[in-house]
Amino acid sequence: VAQIPVVGVLFRAAGQWLIDRDDRASSSATLAALGALMRRDGTSVWFFPEGTRNKTGELLLPFKSGAFRLAAAAGVPVVPVVLSRLRPAFDLERGWLTGDRVTITVLAPSAPAQVGAEDALRAETRARMLAVVAASAAPPR
């Protein structure tokens, strides 16, 4: 996102934090700073746990661990937000909205995870989100 002309500038101007996944030291420092901000100010953090756009056709890509490590370190719950599949509502090749409906589902928060239990939190969160995505992708009966 940071490399997209105009979008990267707008993200930063809006106060968004971007994590450089290619630089482990930088991403760890960013996560530590976000954790301190969350504990100090009660700031909420929005993550896209797949880490990239899903162009594979799979319902969900494997989740990256950063969001779950951050939640455990900050002692806060994870509130999964599921966006329905963008196809057919968005034509990715042409960049057009088609007028079909996109649904946003907010799931119940998890219990705050303990440090060391991040993998379990990640797996449980992904399973809950996958169930919603799979149900919305199923053809109507």
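The values are calculated or read from the model by the stated rules, or taken from the named source; none is laboratory data. Everything quoted here is computed from the prediction, not taken from an experiment. When we count neighbours, we look across all protein chains shown, and the Cβ atoms used for this are built from the backbone with ideal geometry, even at glycine. When the accessible area is computed, the model is the full protein with side chains, heavy atoms only, and any ligands, DNA or RNA have been set aside. Shrake-Rupley method; radii C 1.70, N 1.55, O 1.52, S 1.80 Å.
Filter the range 61-79 for residues that are in a loop (DSSP other than H, G, I, E, B) and buried (at least 18 other Cβ atoms within 10 Å of the Cβ); which is modelled with the lowest pLDDT?
Step one: of the range 61-79, the residues in a loop (DSSP other than H, G, I, E, B) are 61-65, 75-79.
Filter once more, so that each one left must be buried (at least 18 other Cβ atoms within 10 Å of the Cβ): 63-64, 76, 78.
Numbers: Phe63: 89, Lys64: 85, Val76: 88, Val78: 92.
If we take residues in the range 61-79 being in a loop (DSSP other than H, G, I, E, B) and buried (at least 18 other Cβ atoms within 10 Å of the Cβ), then Lys64 is modelled with the lowest pLDDT.
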Which one is farthest from Phe68 (Cα to Cα), of the residues in the range 82-108 that are loosely packed, with under 12 Cβ neighbours inside 10 Å and at pLDDT 90 or above?
Val106
Which residue pairs have Cβ atoms under 6 Å apart, sit 6 or more places apart or on different chains, and have a first residue in the range 106-119 that is under 18 Å from Arg39 (Cβ atoms) and a second that is modelled with pLDDT of 90 or more and open to solvent by 70 Å² or more (accessible area, probe 1.4 Å)?
Pro109/Val79
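Name the single residue, out of those in the range 11-27 being among the small types (Gly, Ala, Ser) and either at pLDDT below 80 or open to solvent by less than 60 Å² (accessible area, probe 1.4 Å) (or both), that is nearest to Ala71 (Cα to Cα). Spell out the reasoning first.
Step one: filter the range 11-27 for residues among the small types (Gly, Ala, Ser), giving 13-15, 25-27.
From what's left, either at pLDDT below 80 or open to solvent by less than 60 Å² (accessible area, probe 1.4 Å) (or both): 15, 26-27.
On the way: Gly15: 20, Ser26: 18, Ser27: 15 Å.
Filtering first and then ranking leaves Ser27.
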